[in-house]
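Read the structure below first, then the notes.
Readers should treat all values here as calculations from the given coordinates under stated rules, not as data from a laboratory. As the structure is a computational prediction, the values presented were derived from the model and not from experiment. Positions of Cβ are backbone-derived with ideal geometry, glycine not excepted, and every protein chain shown enters the neighbour counts.
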């Protein structure tokens, strides 16, 4: 997988973490840099570990699935992309609005895991593609860390104005990558 595709994929799966970090930035009252570092580290680690788990699970079944692996990669990336688009275009419920309570480590860990579930599906697709999984998880983790760190700072400053556009772009990127994989394999 070319580096630019890997970076686009990392940006796509990081969109949920970016959106949540933006919202968390609204809650940060003091120690903004420390909070940004803690949130970004948790989100980056979760986004790196989940695709690795998905890759390991997918690799265990890769031989049996090889004849239709490109359809699986397309389906997984497409489903994640459509889910992100759906969430971005669906109106928020009142309870989704940022609250005024502090940030707990338990909440940060739960959010990190919740926002990285999509990365598990992406990791499954890695088992069927020619991807150096260690490079992929490192890029995904670092991109997520950077975007989440910046998102907390932006959220603290300007609010959640950019959450929906980030989710829309992330969803479209994942759909495009899934489609590219399918087209490449059908062309052979």
Exercise for review: Compute the long axis of helix 133-158 from its Cα atoms, compare it with the longest principal axis of the Cα atoms of the chain, and write down the angle in degrees, 0 to 90, nearest 10.
Suggested key: 30 degrees
**Study point:** Potential extension, residue 90-residue 110 segment - 0.36 nm per residue separation minus Cα distance
**Key:** 4.9 nm
**Study point:** Length gained when the stretch residue 150-residue 37 is fully extended (0.36 nm per residue, less Cα-Cα span)
**Key:** 39.7 nm
Check your understanding: Expressed as an acute angle from 0 to 90° and rounded to the nearest 10, what is the orientation of the C-alpha long axis of helix 32-60 relative to the principal long axis of the chain?
Key -> 20 degrees
Revision key, fill the gap. Quick calc: nm separation of the 7 Å Cα→Cβ label points for residue 68 and residue 130 -> 2.5 nm
Check your understanding: Where does helix 3-27 land angle-wise versus the long Cα axis of the chain, in degrees 0 to 90, nearest 10?
Key -> 20 degrees
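Between residue 186 and residue 82, how high is the FRET efficiency from 1/(1 + (r/R0)^6) when r is the Cβ-Cβ distance and R₀ = 25 Å? Nearest 0.05. Don't skip to the answer; put the middle values down first.
Details: r = 20 Å, r/R0 = 0.81.
Once rounded, the FRET efficiency stands at 0.80.
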